[in-house]
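Down below is the structure, laid out as structure tokens.
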Amino acid sequence: YLARHPKWVFSAKQIYSAVWNKDSGDYVTAVSGIINQLRRKLTPDNPKDGYIRTIIGSGYKFEIP
């Protein structure tokens, strides 16, 4: 979902709703866990320098470094 919209910032709730097509009270934990897994798979050497950026207070975005 993030890769289809590069440079757009999405909140955890927006990502959860778009990917899983439902609302949930625990979406933050689910999205955070998946984001961490994706970071490790996309950039195993240094996940924090990868394609997915955390925008503090807003959410996540996909960038090509």
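The values are calculated or read from the model by the stated rules, or taken from the named source; none is laboratory data. These figures come from a predicted structure and were not determined experimentally. Methodologically, a virtual Cβ is constructed for each residue, glycine included, from the backbone with ideal geometry; neighbour enumeration extends over all protein chains shown. Side chains included, ligands, DNA and RNA excluded: accessible areas come from the protein's heavy atoms. Shrake-Rupley method; radii C 1.70, N 1.55, O 1.52, S 1.80 Å.
Annotations for the structure displayed:
- Reported count of residues in the range 1-43, each being part of a helix (DSSP H, G or I) and open to solvent by 70 Å² or more (accessible area, probe 1.4 Å), is 11.
- Hits in the range 44-65 - residues which are surrounded by 13 or more Cβ atoms within 10 Å (Cβ to Cβ) and in a helix (DSSP H, G or I): Pro47
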